[in-house]
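Undergrad: One structure, as structure tokens, below. Some questions next.
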Amino acid sequence: MVIFADEVYDKVLYDGVNHTPIASLSQDVLTLTFNSLSKSYRSCGYRAGWMIVTGDKRPAQDYIEGLNMLSNMRLVRQRARPVGHSNRVGRPSKHQ
């Protein structure tokens with residue numbers, strides 16, 4: 001069993017409610033906890049996030065190795081395509 005815990009909104013709490021991380025309740029189960037700057041720390045526009053792996057990691061060594069491989073790859077384009085750019089050589093773009 002694997003628990004995927006999306007805790008991106010763990011800091012957005014109202015009326016004095018406390019957040020309890022799922023990983024603290026499932027110490028013997030493999031748990032992947034996700035978080036980010038944009039929601040938790042109100043840093044809109046920053047695309048920084050992280051994942052923490054806790055619990056029994058022995059049966060998931062291949063999975064964790066794959067996660068490490070993916071985390072070292074460039075998964076998204078780092079800059080937006082210019083609006084006026086046209087893929088058609090010699091033809092004017094509709095976007096001027």
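The values are calculated or read from the model by the stated rules, or taken from the named source; none is laboratory data. This one's a predicted model, so the numbers in the text were calculated from it and none came from an experiment. Reconstructed Cβ throughout: ideal geometry from the backbone, glycine too, with neighbour counts over all protein chains shown. Keep in mind that these areas ignore ligands, DNA and RNA; they rest on the heavy atoms of the full protein, side chains included. Shrake-Rupley method; radii C 1.70, N 1.55, O 1.52, S 1.80 Å.
Undergrad: Pairs please, first residue from region 43-72 and without any contact (Cβ under 8 Å) to a residue 12 or more places away in the chain, second anywhere and surrounded by 13 or more Cβ atoms within 10 Å (Cβ to Cβ) and small (G, A, S), Cβ atoms under 6 Å, 6+ apart in sequence or on different chains.
TA: That search, which allows pairs on different chains as well, returns C44/S38; Y46/S38.
Undergrad: Moving on. If I go through region 1-40 residue by residue, how many of them are in contact with a Lys or Arg (Cβ under 7 Å, 6 or more places away or on another chain) and of a type outside the set (A, V, I, L, M, F, W, C)?
TA: 2
Undergrad: When the residues of region 13-41 are narrowed to those that are in contact (Cβ under 8 Å) with a residue 24 or more places away in the chain and of a type in the set (D, E, K, R), which ends up least open to solvent (accessible area, probe 1.4 Å)?
TA: The qualifying residue least open to solvent (accessible area, probe 1.4 Å) is K39.
Undergrad: Scan region 57-71 and tell me whether some residue there is modelled with pLDDT of 70 or more, hydrophobic (A, V, I, L, M, F, W, C) and part of a loop (DSSP other than H, G, I, E, B). I'd like the intermediate steps shown before the answer.
TA: We begin by selecting, within region 57-71, every residue modelled with pLDDT of 70 or more; these are 57-71.
Now restrict to residues that are hydrophobic (A, V, I, L, M, F, W, C): 60, 64, 67, 69-70.
Keeping just the survivors that are part of a loop (DSSP other than H, G, I, E, B) gives none.
Within region 57-71 (the criterion being modelled with pLDDT of 70 or more, hydrophobic (A, V, I, L, M, F, W, C) and part of a loop (DSSP other than H, G, I, E, B)), the answer is no, since none of the residues qualifies.
Undergrad: Moving on to the next point. Can you tell me which residues in region 1-47 are in a strand (DSSP E or B) and of a type in the set (A, V, I, L, M, F, W, C)? Give the steps one after another, and end with the answer.
TA: So the first thing to find is which residues in region 1-47 are in a strand (DSSP E or B), and the list is 2-6, 30-36.
Hits for region 1-47 are V2, I3, F4, A5, L30, L32, F34.
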